[in-house]
Amino acid sequence: MKRMAWLLMAAGVAGSGVAAAQDAETDEELAVAVKAYMAGHDQVTMDEAVRRLQVQAELAPFSENLQGEFAERFTAIRLMHAPDQYIRVDLKGDRPVPSRVIRTASGETRVEFRVGRTFTQEEFRTRIKDTAPLIRSLIPGVSGITGFAGDNRVVVSIEGNADEAARYARVLPKIERVSGLKVELEHSQGRESNASNASGGAVLQNNNDYCTTGFAVLHKATNTRGIITAAHCPDALIYGNYGSTQNNTKVTFPLTFQNAIFDGSHDVQWHTIPAPHGVTQEVFGSSNSEYGKRSIMFMYAAPMEDSNLCFRGAVSGYSCGRVVSVTHVPEGTCGASIACNPDWVRVEGSALSCTGGDSGAAVFWQNSGFGIVKSGKWTGVGAGNCDRLTVMPFGRVSALGLRGL
């Protein structure tokens, strides 16, 4: 029997007890991820897709180590998918670095280094930030700016159609001369909306406004535990799981607001949980069952480009996509009169789902956490109706004196 068929059947079998429910949850999540991965890489067999996704789950610590090792030269790190799966590290300067091999429990992954990049990643972010006012002044209707540091390239998204894009193309050479960046236009792209209409992925409510819980955190100065969500959500929130009052599994309680930061690079607030309730580093995944929650064992500052991420929104449910950029500007979503910086993660996918109420949701890959949902652009609810999703990388929570549990 093919691997995918087995996964789909296993996900539909109701197991007995906590272990069976958690196994079914894992199988269903893998099935969703494999389907999404193969949609974007149709040359990959089902078994190879499963193997690659298993390897991806083990690469995050190596990605962080590589960024630290080459901090003074680091431009970008991307997970490549052809001819095989490997990591490409882009570095400023011409000094070559020999390729190497990473060995994990699920297999080997080679690391290739591409030198000669113009900017480090931080220099690239600064260049976008400094150039953004010029872009906005010359191109009306900007809905986003997405950077690709390894290629020294930005894509400017506009709300206008192809004819408008053709008219604005004449100003691109000026922007390129000033910025030193390659500039492209992407038309017919509406603005994103902040997606607001314990355990991560649970429901947060304030009257008729909904958001979603993120990860459990620890306030380093006071050793206080709490949970995060998006700062643009209301401060007064009531937590609720997905249980029912009929079988006594429904849990609701008010959270206590502690602090928040909402600016060009941050969209996060944190709350404490009232006694006798506690907080665990778990998230709801493909199932909203209390017995099927996924434990998050590791927290990372940011994901690799072209790696896979999943989340469960309180309204849209569970879905997965791939990281397009880690230097994205989600225009118009960073508060009144505040320009967004190129510090956000852009996620896309043919099966990605997002809508109002998903803000703050924990974004993860298997047992590793990477950030929370900030905003999105959607045409409806359901797989494939999310044009793009913006994620705040988890490393940004340090501005509130927080870290993962």
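The values are calculated or read from the model by the stated rules, or taken from the named source; none is laboratory data. Please read all numbers here as calculations on a predicted model, not as lab measurements. Cβ: placed from backbone, ideal geometry, glycine included. Neighbour counts: every protein chain shown. Please note that ligands, DNA and RNA were not included when accessible areas were found on the heavy atoms of the full protein model with its side chains. Shrake-Rupley method; radii C 1.70, N 1.55, O 1.52, S 1.80 Å.
Restricting the search to the stretch 237-253, which residues are in a loop (DSSP other than H, G, I, E, B) and either among the β-branched types (Val, Ile, Thr) or at pLDDT 95 or above (or both)?
Across the stretch 237-253, the qualifying residues are 245, 249, 251.
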Do the conditions hold for residue 373, that is, is it closer than 21 Å to residue 156 by Cα, within 12 Å of the chain's Cα centre (by Cα) and in a strand (DSSP E or B)?
-> no
How many residues of the stretch 156-181 are of a type in the set (A, V, I, L, M) and surrounded by fewer than 12 Cβ atoms within 10 Å (Cβ to Cβ)? The answer is 1
Residue list for the stretch 255-281, restricted to those being hydrophobic (A, V, I, L, M, F, W, C) and out of contact with any strand residue (DSSP E or B) (no Cβ under 9 Å at 6 or more places or on another chain) | 275
In this structure, is residue 326 outside any loop (DSSP other than H, G, I, E, B) and either touching a Lys or Arg at 6+ places or on another chain (Cβ under 6 Å) or open to solvent by less than 10 Å² (accessible area, probe 1.4 Å) (or both)?
-> no
Test set (1) at pLDDT below 95; (2) over 25 Å from the mean Cα position of the chain (by Cα) - residue 172 fails condition number | (1)
Is it the case that the stretch 23-31 has a residue that's more than 21 Å from the chain's Cα centre (by Cα) and either open to solvent by 20 Å² or more (accessible area, probe 1.4 Å) or at pLDDT 85 or above (or both)?
-> yes
Of all the residues that make up the stretch 359-383, how many are among the polar types (S, T, N, Q) and either surrounded by fewer than 17 Cβ atoms within 10 Å (Cβ to Cβ) or in contact with a helix residue (DSSP H, G or I) (Cβ under 6 Å, 6 or more places away or on another chain) (or both)?
-> 3
Got at least one residue in the stretch 129-150 being aromatic (Phe, Trp, Tyr) and touching a Pro at 6+ places or on another chain (Cβ under 8 Å)?
-> no
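Does the stretch 384-398 contain any residue that is touching a strand residue (DSSP E or B) at 6+ places or on another chain (Cβ under 6 Å), over 18 Å from residue 190 (Cα atoms) and either open to solvent by 30 Å² or more (accessible area, probe 1.4 Å) or assigned to a strand (DSSP E or B) (or both)?
Yes, the stretch 384-398 contains at least one residue that is touching a strand residue (DSSP E or B) at 6+ places or on another chain (Cβ under 6 Å), over 18 Å from residue 190 (Cα atoms) and either open to solvent by 30 Å² or more (accessible area, probe 1.4 Å) or assigned to a strand (DSSP E or B) (or both).
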Of the numbered conditions (1) closer than 29 Å to residue 122 by Cα; (2) open to solvent by 10 Å² or more (accessible area, probe 1.4 Å); (3) assigned to a loop (DSSP other than H, G, I, E, B), residue 351 satisfies every one except a single condition; which is it?
-> (1)
In the stretch 87-103, the residues that are open to solvent by 30 Å² or more (accessible area, probe 1.4 Å) and either of a type in the set (A, V, I, L, M) or under 24 Å from the mean Cα position of the chain (by Cα) (or both) = 88, 101
List pairs: first in the stretch 367-382 and within 17 Å of residue 191 (Cα to Cα), second of a type in the set (Lys, Arg) and part of a strand (DSSP E or B), Cβ under 7 Å, 6+ apart or cross-chain?
-> 376/388; 377/388
